[in-house]
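Notes for the one structure printed next.
Each value in this text was obtained by applying a stated rule to the coordinates, not by laboratory testing. Source: prediction; values computed, not measured. Positions of Cβ are backbone-derived with ideal geometry, glycine not excepted, and every protein chain shown enters the neighbour counts.
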Amino acid sequence: MEIKTNHERAMNPDESRLKLPFIKFWGLVRWSLIRHKYLLPAFTIIQAAFALAIVYGLALLIPEINESAAIYLSSGSISLGIIAVGCVLAPQIANTSKQDGLFAYQRTLPVGRSAILLADIIIWCIASLPGVFMGCLAAILRFDITLTITPLSIAIILIAQITMICIGFAIAYLLPPNAMALATQLIMIGGLLFSPITYPMDRLPEWTTYIHQYLPFVPTTDLLRSTLFNFGTFSFVDLFVIIIWAIVGFIVSLITLSRRE
Amino acid sequence: METMIKNKSNSNNLIIQSISKSYKKGSVKANCDISATICPNEVVAIIGHNGAGKTTLLNQIIGIVKPDQGDILFQGHSFVKNTKLARNLVSMMPQFHAPLSGVTLRQAIEAILHIRGISGKKTYVEEIINELRIDKWADRPGEKLSGGLQRLTSFAMSVVCPPPIILLDEPTNDVDPVRRKLVWNYMRKLARNGHIVLVVTHNLLEVEQYADRYLLLDQGRLIRDEKTGGINDQLVSNTLSIILNDWDSISNLPASIEAKYIEEEMKMILTLSHEQVPDAVQWLLNLMNQRKVVHYRLTSASLDTTYGGLTDGNQNES
């Protein structure tokens, strides 16, 4: 049997200079999709249950739900779904891959570190879509809310997903398993109980406003609310804050992935 | 005594130049001043005790570990400076199994070809699966494969349509005797086709049988670099190991270069020159007639003797 080599291709940067990176990148995405083929349906069910629990379950705590409360619950459900996938599920799975050797193995593959990250970001964006969809559906069915589906609202959903996933990866790659578990729990508990995501900011002490405006979670929810639910004003500061968090998360992940012993 | 092979200058050689690496502010030396030239067309085994620096050396070649000093050159390019190029030109089988959860054996091999950007995947995948005789398990999920099959899958992922340099970390561990031979033969085939094949292994018998050359590492230092074919030319070339059931009645030991007794194992190891072998065999036959021998082995495994003589595994285990 003749053993072929892709040596010449590797040594000749002119050949397939544009095409080859895309082929390799698609190879990474495809590999991730196959590896996660059982996880994605499971995540869909979890996110559906999560969205229904917030829209229907949390609504039971409020005696009379007006339009404002309905919008907070609906937008909060979508936002928390994105946070849960990006900052809890993604780091947990990424941390598992660190422990079972996938992380180390990926570092030996002939692909750019940023390509590895981007492929995983795409997979996790796909993974969090069912939550977004179920949140929207629950809002329409439960509160008869009309959603504003525009290029801007879709872009904000995408930016929100990428930001949370980048933060999640940074947590997973940077922290040891125990600290990672603690950080993800903190984000989820903080997000559910102590962040004005499912209720207005004025219910919390004023000093918390200064913290929340620089953390990514509340600005993300405010942007979703203003674009998708047409409630409140669109803030470029919020957009700037979450883009900065996305960039920081991506760079931290990239540095950790590229770091040589 | 250090024995190093001098190779002719060739840009297709992998040149390791005075590589050193230490951890914990220099207190732990992973490897120290290692220099070697690895040529295409040869299978080179890296041997040494646990913690001798074998895996670190492979990781330095592929660019995961950055040497504190020294360089690794191939075709005039530095792998230390250009790790992206290193990953394009080097394929590595990790010490532990490649991650196979969620994918079948076939999908795992296909995935690597996709990631390497290689077309004609089906043919390559079928070829390697047939070569290693693992077609029966091709569609079984990775997590349900036995340890040996996971190891073979990892091997297949590394050698399917490979780049010029192939690094294999203990590829035959857990693999059955039949497929071990297939793995080594495949490595030889790769070498014949002009690939550089570097294999970390603990199996000295396989090294003697299949490798062209070995690098012996001890405490991060390269203490021997020589052809395996040269072993039999040495004076010390035969080892007779005997496990006895009656230790006290042993007498009239045959002439030997060295005789070792391992009391707790009831084992005697005689190192023999070629001339001493017939007398030793006669002595062994006498013992067997007296039913004092549980097990015996006469080998030309002088690498085993060399290895033990040059290193001290118990002290250096990590």
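Details
- Working from Cα pairs under 8 Å separated by at least six residues, relative contact order for region B:14-230 is 30 percent.
- With the charge dipole of chain B set up from +1 on Lys and Arg Cβ and -1 on Asp and Glu Cβ about the Cα centre, the Cα lying farthest toward the positive end among the listed residues B:Ala108, B:Trp137, B:Cys32 is that of B:Ala108.
- In this structure, A:Ala42 and A:Gln185 have a Cβ-Cβ separation that, at R0 = 25 Å, corresponds to a calculated FRET efficiency of about 0.80.
- Rounded to 10°, Cα long-axis angle of helix A:67-84 versus longest principal axis of chain A: 20
- Region A:38-258, relative contact order in percent, only Cα pairs under 8 angstrom and at least six apart counted: 31
- Hull-based mean projected area of region A:18-139, where the convex hull spans the alpha carbons, in square nanometres: 8.9
- Table column - 3J(HN,Hα) (Hz), region A:59-65, Karplus curve with 6.51, -1.76, 1.60, x for Gly and Pro: 4, 5, 6, 9, x, 10, 9
- Summing +1 for each Lys or Arg and -1 for each Asp or Glu among the other residues whose beta-carbon sits under 15 angstrom from that of A:Ser79 gives -1.
- For region A:81-132, the alpha carbon positions stretch 35, 21, 12 Å along the principal axes, listed from largest to smallest.
- For B:Asn289 and B:Asn173, the difference between the fully extended length at 0.36 nm per residue and the C-alpha to C-alpha distance is 38.0 nm.
- Sorted ascending by nearby beta carbons within 10 Å, beginning with the fewest, A:Leu215, B:Leu152 become A:Leu215, B:Leu152.
- Distance from the C-alpha centroid of region B:112-167 to that of region A:100-141: 26 Å, rounded to the whole angstrom.
- Normalised by residue count, the protein assembly as shown yields a Cα convex hull volume of 201 Å³ per residue.
- Distance in nm between pseudo-label sites at B:Val281 and A:Arg203 (7 Å out along the Cβ direction from Cα): 9.2
- Three semi-axes of the equivalent ellipsoid, chain A, Cα gyration tensor, whole Å, largest first: 37, 19, 17
- Between A:Ala155 and B:Arg140, the simple spin-label model (points 7 angstrom out along Cα→Cβ) gives 5.2 nm.
- Charged neighbours of B:Arg140, selected by a Cβ distance under 15 Å, balance to +1 (K, R count +1; D, E count -1).
- Treating r as the C-beta distance of B:Asn252 and B:Lys66 and R0 as 41 Å, the FRET efficiency rounds to 0.10.
- Within a straight-line Cα-Cα reach of under 17 Å, B:Lys292 can be paired with the following lysines, leaving aside sequence neighbours fewer than 8 residues apart in one chain: B:Lys267.
- Value of relative contact order over region B:122-275, rounded to a whole percent, pairs C-alpha under 8 Å and six or more apart: 14
- Take the Cα of B:Lys81, step 7 Å toward its Cβ, do the same at B:Ser35, and the gap between the two points is 2.0 nm.
- On Cα atoms only, tilt of A:217-228 relative to the major axis of chain A in degrees: 80
- Relative to the longest principal axis of the Cα atoms of chain A, the long axis of helix A:90-99 lies at roughly 30 degrees.
- Fewest-first sequence of A:Thr208, A:Thr220, A:Thr148 by Cβ atoms within 10 Å of each Cβ: A:Thr148, A:Thr208, A:Thr220
- Computed over chain B, the quotient of the alpha carbon radius of gyration and 2.2 N^0.38 Å is 1.12.
- Length gained on full extension, A:Glu261 to A:Lys19: 84.0 nm, using 0.36 nm per residue less the C-alpha separation.
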